[in-house]
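*Asks:* Sharing a structure here in structure tokens format.
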């Protein structure tokens, strides 16, 4: 099921049969969102490999992540159509049924994030926020050496990496089920839409 109607291309009736069977794409993810996505992915990887060995770099990456999270929060309200959080509640409520149907290979068709993707987005943002905030707190005078801050940071960081791996696996699986290169779509910002005749 397509979550939002995609306008037909102007002059569609003038197209040749070959044109009508060619795959069409629609712009989904804007450039700021794509840059944010890949910057966050790179920052999470850098943060994972730098603690205790390169503490200064780890702190810089941590503050970068906090800045990226702040940007995403703002962009979720003021960004382009598919960057906004307006459908998050609806998709989260639909997520259990969607995941149940995935067992039978029923994926539906969403131009933006599907319910499973929305669930992953929320989980990753929350886990990343907890990891970054507790990391920042742990280097302050007030919270330095506090065991529950350090433990929370460690557990949240592990959760971020587990979720990131699940995210990549989910994207690959969905790409195979829907026969679409979703990783490329996050570079180009465009997704294929089905031809309706």
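*Asks:* Looking only at the range 108-124, which residues are crowded, with 18+ Cβ neighbours inside 10 Å, in a helix (DSSP H, G or I) and touching a residue at least 40 places away in the same chain (Cβ under 8 Å)?
*Replies:* Result: 116, 117, 120, 124.
*Asks:* Among the residues in the range 137-144, are any more than 18 Å from the chain's Cα centre (by Cα), part of a helix (DSSP H, G or I) and either free of Cβ contacts under 8 Å to residues at least 40 places away in the same chain or over 30 Å from residue 176 (Cβ atoms) (or both)?
*Replies:* There is at least one residue in the range 137-144 that is more than 18 Å from the chain's Cα centre (by Cα), part of a helix (DSSP H, G or I) and either free of Cβ contacts under 8 Å to residues at least 40 places away in the same chain or over 30 Å from residue 176 (Cβ atoms) (or both).
*Asks:* Could you grab me the full set of residues in the range 59-107 that are touching a helix residue (DSSP H, G or I) at 6+ places or on another chain (Cβ under 8 Å), under 16 Å from residue 133 (Cα atoms) and without any contact (Cβ under 8 Å) to a residue 60 or more places away in the chain?
*Replies:* The answer is 61, 64, 68, 71, 72.
*Asks:* Right, another one. In contact with a strand residue (DSSP E or B) (Cβ under 7 Å, 6 or more places away or on another chain), at pLDDT below 90 and farther than 30 Å from residue 150 by Cα: which single residue out of 24, 15 fits that description?
*Replies:* Answer to the selection: 24.
*Asks:* Being buried (at least 16 other Cβ atoms within 10 Å of the Cβ), free of Cβ contacts under 8 Å to residues at least 60 places away in the same chain and within 18 Å of residue 113 (Cα to Cα) is the filter here, so list the residues in the range 34-58 that pass it.
*Replies:* If the condition is that a residue be buried (at least 16 other Cβ atoms within 10 Å of the Cβ), free of Cβ contacts under 8 Å to residues at least 60 places away in the same chain and within 18 Å of residue 113 (Cα to Cα), then 36 is the only one that fits.
*Asks:* Moving on. For residue 118, work out the one condition from (1) farther than 30 Å from residue 58 by Cα; (2) within 17 Å of the chain's Cα centre (by Cα) it doesn't fulfil.
*Replies:* Status for residue 118: all satisfied but (1).
*Asks:* Give the residues of the range 145-162 that are part of a helix (DSSP H, G or I) and surrounded by fewer than 18 Cβ atoms within 10 Å (Cβ to Cβ), sorted by residue number.
*Replies:* Correct list: 147, 148, 150, 151, 154, 155, 158, 159, 161, 162.
*Asks:* Same structure again: Restricting to the range 163-194, give me the number of residues that are outside any loop (DSSP other than H, G, I, E, B) and either out of contact with any strand residue (DSSP E or B) (no Cβ under 7 Å at 6 or more places or on another chain) or free of Cβ contacts under 8 Å to residues at least 60 places away in the same chain (or both).
*Replies:* 22
*Asks:* In this structure, is residue 82 surrounded by 14 or more Cβ atoms within 10 Å (Cβ to Cβ) and modelled with pLDDT under 90?
*Replies:* Here the answer is yes, as residue 82 does meet what is asked.
The values are calculated or read from the model by the stated rules, or taken from the named source; none is laboratory data. Nothing here was measured: the structure is a model prediction, and the numbers come from that model. FYI the Cβ positions are ideal-geometry reconstructions off the backbone, even for glycines, and counts take in every protein chain you see.
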